[in-house]
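The values are calculated or read from the model by the stated rules, or taken from the named source; none is laboratory data. Since the structure is predicted, the reported quantities are computational estimates derived from the model, not experimental observations. All Cβ positions, glycine included, derive from the backbone under ideal geometry; neighbour counts span all protein chains shown.
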Amino acid sequence: MGKIIVIIGFLIFFFSALYIFITIDKKAPIENIKTETVKTPRIILSDFTHYNYEKGSLASSLSARLGYLIDPNIVEVFGDVRGKNYKKDGGEVIKAESGRAYFGTDDLDRMFQNAQMEKAELKGMIEIEFHDHKLLTDYAEYSTKENVVSSTRPTRIEGNKRWFIGQNGFRYDLTKEHIVFDGPIEGEVVPSESR
């Protein structure tokens, strides 16, 4: 009698396992996730600074605690991200917690051969310093085609004896050096004392 119970138990277990094997999705759970959300970096950089030279002069620099170069055309940077554009008038300084840049190439190897950046995103505690002003927000995008930095998130700009907050973001045209705030705006301008 004990043998019959063991055989029946084995057959029930066997057919249950066979049923599960036949009806289960053949893909592994990780393969069911969109491939765009799971990418493994080909190159990982730690505590790095990248210098960009144009015509023998330093044009810009970028530094971060961690950098990922991901196929086919993405660079992600994390931790104490700092960028500087060197110009005669002091240029712009960008600080952020993380960022992502997309380049106009279909291959990571070609990205090192002067591929042009098409778009960049900055996230978390962003500071952009330009012309004695400081712009603060938590998300911003840069479009190289338009040469514009913009955001739809609340943004604060501080300058000499003035500050403004745009509740619906901003648009800063780097070519024209012109900034526009969207949405309800509040701020303060302190008049200079006349003597």
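Screening ARG82 against (1) surrounded by 14 or more Cβ atoms within 10 Å (Cβ to Cβ); (2) outside any strand (DSSP E or B); (3) out of contact with any Gly (no Cβ under 7 Å at 6 or more places or on another chain) leaves a single unmet condition, (2).
One residue alone among GLU76, GLU121 is within 25 Å of GLY166 (Cα to Cα), under 18 Å from the mean Cα position of the chain (by Cα) and either modelled with pLDDT of 90 or more or part of a strand (DSSP E or B) (or both), and that residue is GLU121. Are any residues in the range 139-160 more than 16 Å from GLU129 (Cα to Cα) and in a loop (DSSP other than H, G, I, E, B), and if so, which ones? Listed by number, the residues that qualify are THR144, LYS145, GLU146, ASN147, THR152, ARG153, PRO154. The residues on offer are ARG100, ARG110, and the sole one that is out of contact with any Leu (no Cβ under 7 Å at 6 or more places or on another chain), at pLDDT 90 or above, under 22 Å from SER46 (Cα atoms) and not small (Gly, Ala, Ser) is ARG100. Filtering the range 39-73 to residues that are part of a loop (DSSP other than H, G, I, E, B) and either farther than 21 Å from THR105 by Cβ or in contact with a Lys or Arg (Cβ under 7 Å, 6 or more places away or on another chain) (or both) leaves LYS55, GLY56, ASP71. Please indicate, with yes or no, whether at least one residue in the range 178-195 is under 26 Å from GLY79 (Cα atoms) and part of a strand (DSSP E or B). No; the residues of the range 178-195 include none that is under 26 Å from GLY79 (Cα atoms) and part of a strand (DSSP E or B). Against the condition surrounded by fewer than 16 Cβ atoms within 10 Å (Cβ to Cβ), small (Gly, Ala, Ser) and either under 13 Å from the mean Cα position of the chain (by Cα) or on the phi < 0 side of the Ramachandran plot (or both), how does ALA115 come out, does it pass? Here the answer is no, as ALA115 does not meet what is asked.
Residues considered: ILE126, ILE179. Of these, the only one that is aliphatic (A, V, I, L, M) and at pLDDT 90 or above is ILE126. Could you tell me whether TYR102 is over 20 Å from PHE170 (Cβ atoms), of a type outside the set (Val, Ile, Thr) and within 13 Å of the chain's Cα centre (by Cα)? Yes; evaluated as a whole, the condition is true for this residue.
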